[in-house]
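Okay, so here's the structure we're looking at.
The values are calculated or read from the model by the stated rules, or taken from the named source; none is laboratory data. Predicted model, so just to flag it, every value in this text is computed and none were measured. Heads up, the Cβs are rebuilt from the backbone with ideal geometry, glycines too, and the neighbour counts pull from every protein chain shown. Areas reflect the complete protein model, heavy atoms only, side chains present, ligands, DNA and RNA absent. Shrake-Rupley method; radii C 1.70, N 1.55, O 1.52, S 1.80 Å.
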Amino acid sequence: MFQPDLEDVIQRSRQVGVKTLVAVTEEVGEFDRVLQLQERYPDLVAPCLGVHPLQAGGGSEQRSVKLQDLDAALPMFYKHRERLVAIGEIGLDFTPWCAPTEQDRHDQMSVFIKQLNVAKELDLPVNVHSRSAAKVTIATMREQGISRALLHNFAGKPSVALEGVKAGYFFSFPPAVCRNRQRDKLIKQIPLEHICLETDSPALGLDKHVRNEPSNIVLCCQRIADVKGLSPQTVQLVTAQNAYRLFPGAKTHTHKTV
């Protein structure tokens, strides 16, 4: 979705002050493209590799991930370990129409745990998707001994989020939160020291019919500032510190001159 105007997209993100773009994958077919992005913009792009709980089915359909979807990915994690800042996007999506059967949920959990183990072995944080599965996702990461995790676009209950905060996890919110008043309660309750900014481009923009892009990071920054009664500058500073604490490899990879 960014191929026709990638250079402009990158330029606009630099203009609003973006220093590092953490780029994730959803399926193994995207691995090479994210690595190529890093080669093209080594001072900006910090790559993550991961297999998402939902995979492309036929046409526009999505299907629940199977263990065999991980087969081609596993050697790539090890081959590119020095270049990665995290394993992601991984997680659980128990939305009924995406994972209708017990077998679907079991397969997702197997794929998730395998990738959590890879992250532990490579000493990398994880970038995590959890939909209709917030409680079980956090519980699984805690059981597996995961200490560094980002739960992106988190929409679980505040009480569940606070379990994640206790475990030391971080939560990020995309521009779409600006049109979701229910998310304000979550943002209020999660300490700023556990919040990161994200766009989730090209999805989760302010208008769901318009392609989202990294420069829109300023929208979620402003929203979090408004909800917490802070200045956008404070939110920008603290969330950037959080992100580099969570993804130390991002600072090393993209700021080699610092």
May I ask you to say which residue of 190, 87 is open to solvent by less than 30 Å² (accessible area, probe 1.4 Å) and more than 22 Å from residue 23 (Cα to Cα)?
-> 190
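Here is a yes/no grid of residues against (1) at pLDDT 95 or above; (2) farther than 27 Å from residue 2 by Cβ; (3) of a type outside the set (S, T, N, Q):
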site: 190; (1), (2), (3): yes, yes, yes
site: 227; (1), (2), (3): yes, yes, yes
site: 234; (1), (2), (3): yes, yes, no
site: 239; (1), (2), (3): yes, no, no
site: 243; (1), (2), (3): yes, no, yes
site: 257; (1), (2), (3): no, no, no
Search segment 149-172 for residues that are on the phi > 0 side of the Ramachandran plot and touching a residue at least 40 places away in the same chain (Cβ under 8 Å) and pair each with any residue that is open to solvent by less than 30 Å² (accessible area, probe 1.4 Å) and aromatic (Phe, Trp, Tyr) when their beta-carbon atoms are under 8 Å apart and the residues are at least 6 apart or on different chains.
-> 153/173
Within segment 116-133, can one find any residue that is surrounded by fewer than 18 Cβ atoms within 10 Å (Cβ to Cβ), farther than 18 Å from residue 53 by Cβ and of a type outside the set (D, E, K, R)?
-> yes
Boolean, residue 185 is closer than 28 Å to residue 100 by Cα, among the basic types (Lys, Arg) and surrounded by fewer than 17 Cβ atoms within 10 Å (Cβ to Cβ) = no
Of all residues in segment 30-41 being in a helix (DSSP H, G or I) and more than 19 Å from residue 203 (Cα to Cα), the one that is least open to solvent (accessible area, probe 1.4 Å) | 35
Tell me, please, whether a residue that is closer than 23 Å to residue 244 by Cα, open to solvent by 20 Å² or more (accessible area, probe 1.4 Å), of a type in the set (A, V, I, L, M, F, W, C) and in a helix (DSSP H, G or I) can be found in segment 164-174.
-> yes
Can you name every residue in segment 94-106 that is open to solvent by less than 20 Å² (accessible area, probe 1.4 Å) and either farther than 15 Å from residue 55 by Cα or in contact with a Lys or Arg (Cβ under 7 Å, 6 or more places away or on another chain) (or both)?
-> 95, 99
Expected single match for under 17 Å from residue 21 (Cβ atoms), among the aliphatic types (A, V, I, L, M) and open to solvent by 50 Å² or more (accessible area, probe 1.4 Å) among 206, 197, 219 is 219
Based on what the data block shows, is residue 15 in contact (Cβ under 8 Å) with a residue 40 or more places away in the chain, touching a helix residue (DSSP H, G or I) at 6+ places or on another chain (Cβ under 8 Å) and either under 27 Å from residue 214 (Cα atoms) or open to solvent by 50 Å² or more (accessible area, probe 1.4 Å) (or both)?
-> yes
Return only the number of the condition from (1) within 24 Å of residue 11 (Cβ to Cβ); (2) part of a helix (DSSP H, G or I) that residue 188 does not satisfy.
-> (1)
Residues of segment 1-29 being among the hydrophobic types (A, V, I, L, M, F, W, C), within 28 Å of residue 72 (Cβ to Cβ) and assigned to a loop (DSSP other than H, G, I, E, B), which ones?
-> 1, 2, 24
Among the residues of segment 222-237, count how many are more than 18 Å from the chain's Cα centre (by Cα) and either surrounded by 22 or more Cβ atoms within 10 Å (Cβ to Cβ) or in a helix (DSSP H, G or I) (or both).
-> 11
Could you look through segment 51-75, keep only residues that are open to solvent by less than 10 Å² (accessible area, probe 1.4 Å) and in contact with a helix residue (DSSP H, G or I) (Cβ under 6 Å, 6 or more places away or on another chain), and pick out the one that is farthest from residue 121 (Cα to Cα)?
-> 64
